[in-house]
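The values are calculated or read from the model by the stated rules, or taken from the named source; none is laboratory data. Just so we're clear, the structure is a prediction, and the values are computed from it rather than from any experiment. We place every Cβ from the backbone using ideal geometry, glycine too, and count neighbours over all the protein chains shown. Side chains are part of the model used for accessible areas, which takes the heavy atoms of the whole protein and leaves out ligands, DNA and RNA. Shrake-Rupley method; radii C 1.70, N 1.55, O 1.52, S 1.80 Å.
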Amino acid sequence: MTIKPELLYRQLGRLIETMPDLSKNPVENDTHLWLARGYSLVKETGNIADAALYSITVNNIGTTFGANAAHEIKAIIYRAFAVAEMNAPAGARGTFIPVGNNFDAFSAISKVLESSKLDVLIIDPYMDESTLTDFAIAAPENVSIRLLTDTADFKPSLEPAAKKWAQQYRSLRPLSIRLAPKKTLHDRAIFIDHTKAWMLTQSLKDFAKRSPAEIVRNDDSAELKIRAYEDIWTEAKEITLVV
């Protein structure tokens with residue numbers, strides 16, 4: 001294996017995310033490229049039998065046997081993904097969420113939030129009440145929850161939910177929300193204890209509902225990301241939650 005296990009897991013996840021219609025005939029150039037990449041990644045898992053089967057089956061894509069071939073290719077890709085996930089570091093497993101897997105989405109994000117000791121900062125320009133009702137509740141008690149969203153794009157349901165949260169939990173689960181100037185938020189992210197950064201491929205309100213989603217730990221530029229968004233937080237307008 002020449003690709004690191006975590007990278008192979010993520011690349012197979014992205015391959016699944018971009019899977020074309022394999023039953024379409026004639027086969028488009030983008031599909032040929034996708035199939036070639038698929039073979040390369042399946043081979044990287046070390047499953048020689050599946051790699052050989054893939055190599056044979058791919059020749060039937062775009063023929064009268066195309067439907068069966070498409071089904072077989074998908075099965076091989078998902079087997080490779082399962083193997084790659086098993087070989088990936090424990091912290092990376094379960095971070096690729098197939099479409100419609102709502103519980104998996106909750107589980108993956110909850111795992112990140114549960115690791116917090118002091119502070120959680122969630123950035124999402126299109127935030128709605130589900131950030132609180134579905135996810136933030138997973139953070140431990142006495143951890144500060146900070147929500148940063150876009151002044152023009154956040155959903156109206158967020159503010160009343162936040163006020164009910166603040167009235168119920170008060171200092172047990174401290175909450176604050178700020179509105180950043182329009183179009184200044186370019187990421188969807190979760191920052192833990194001012195040191196760890198996780199990037200989301202979708203807004204929490206839509207996470208894995210209509211297409212596969214991923215939550216990725218950002219170690220390379222975590223410090224820069226956190227610092228940049230802390231600066232935005234400082235300048236953002238605060239919503240009053242408890243009078």
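Region 100-169 gives an Rg/Rh value of 0.96, both radii derived from C-alpha positions and Rh following Kirkwood. Across region 128-134, rounded Karplus estimates of 3J(HN,Hα) from the backbone phi angles (6.51 cos²θ - 1.76 cosθ + 1.60, θ = phi - 60°) give 10, 5, 5, 4, 7, 5, 9 Hz, Gly and Pro being marked x.
Sorting the segments 162-172, 107-117, 23-33 by their mean number of nearby beta carbons within 10 angstrom, highest to lowest, gives 107-117, 162-172, 23-33.
Here the peptides 131-139, 55-63 are ranked by packing, the mean other Cβ count within 10 Å, and the order with the highest first is 131-139, 55-63. Ignoring any ligand, DNA or RNA, what whole percent of the accessible area of region 46-105 comes from carbon and sulfur when the probe is 1.4 angstrom? Reported share for carbon and sulfur atoms: 62 percent. Pairs from the table (K163/K196; K155/K182; K163/K237; K4/K111) lying more than 19 angstrom apart at Cα are K163/K196; K4/K111. Specify the angular offset, from 0 to 90 degrees and rounded to the nearest 10, of the alpha carbon long axis of helix 158-169 from the longest principal axis of the alpha carbons in the chain. Approximately 60 degrees, to the nearest 10.
Only lysines eight or more places from K74 in sequence, or on another chain, were considered; those with a Cα closer than 18 Å are K24, K43.
Using helices alone, I'd like the mean residue ellipticity at 222 nm for the chain: each DSSP H run of four-plus residues gives -39500 (n - 2.57), total over residue count, nearest 500.
Working: 7 runs with 100 residues, N = 243.
Value at 222 nm, helices only: -13500 deg cm²/dmol.
When the Cα positions of Y126, A213, A88 are compared along the charge dipole of the chain, Y126 comes out farthest toward the positive end, with charges on each C-beta of Lys, Arg, Asp and Glu. Rg over Rh for region 1-137 works out to 1.07, using Cα positions for both radii and the Kirkwood form for Rh.
Per residue, what accessible area does the chain have, given a 1.4 Å probe and all protein chains present, in Å²? Don't skip to the end; give the middle numbers.
On the way: 12510 Å² over 243 residues.
About 51 Å² of surface per residue is accessible.
Report, as a whole number in µm² per second, the diffusion coefficient that Stokes-Einstein gives for region 149-204 at 10 °C and 1.306 mPa s using the Kirkwood radius over alpha carbon pairs. Mind showing how you got there, number by number?
Working: Rh = 13.1 Å.
Here the translational diffusion coefficient equals 121 µm²/s.
Taken one residue at a time, the phi angles of region 81-86 give Karplus couplings (6.51, -1.76, 1.60, θ = phi - 60°) of 5, 4, 5, 5, 5, 5 Hz. Gly and Pro are set to x.
Using only Cα coordinates, the Kirkwood hydrodynamic radius of the chain works out to 19.7 Å. Each of L33, P181, S110 was placed along the dipole of the chain (beta-carbon charges, centred on the mean Cα), and the one lying farthest toward the positive end is S110. Here the dipole of the chain is about 240 debye; that uses its Cα centre as origin and unit charges on the Cβ of Lys and Arg (positive) and Asp and Glu (negative). Packing here is the average count of other Cβ atoms within 10 Å per residue, and on that basis the peptides 226-239, 69-82, highest first, run 69-82, 226-239. Ordering L158, L15, S171 by Cα displacement along the dipole of the chain toward the positive end leaves S171 in first place; charges were set at the Cβ atoms of Lys, Arg (+1) and Asp, Glu (-1). For region 36-152, the dipole from Cβ point charges (+1 on Lys and Arg, -1 on Asp and Glu) about the Cα centre works out to 560 debye, to the nearest 20.
Computed from backbone phi, the HN-Hα couplings of region 174-188 come to x, 10, 9, 10, 10, 10, 7, x, 3, 6, 9, 9, 10, 10, 10 Hz, rounded to whole numbers (Karplus: 6.51 cos²θ - 1.76 cosθ + 1.60, θ = phi - 60°; Gly and Pro given as x).
Can you give the % of DSSP beta bridges in the chain that are antiparallel, to the nearest 5?
Values: 15 of 26 bridges.
If I count the DSSP bridges inside the chain, around 60 percent turn out antiparallel.
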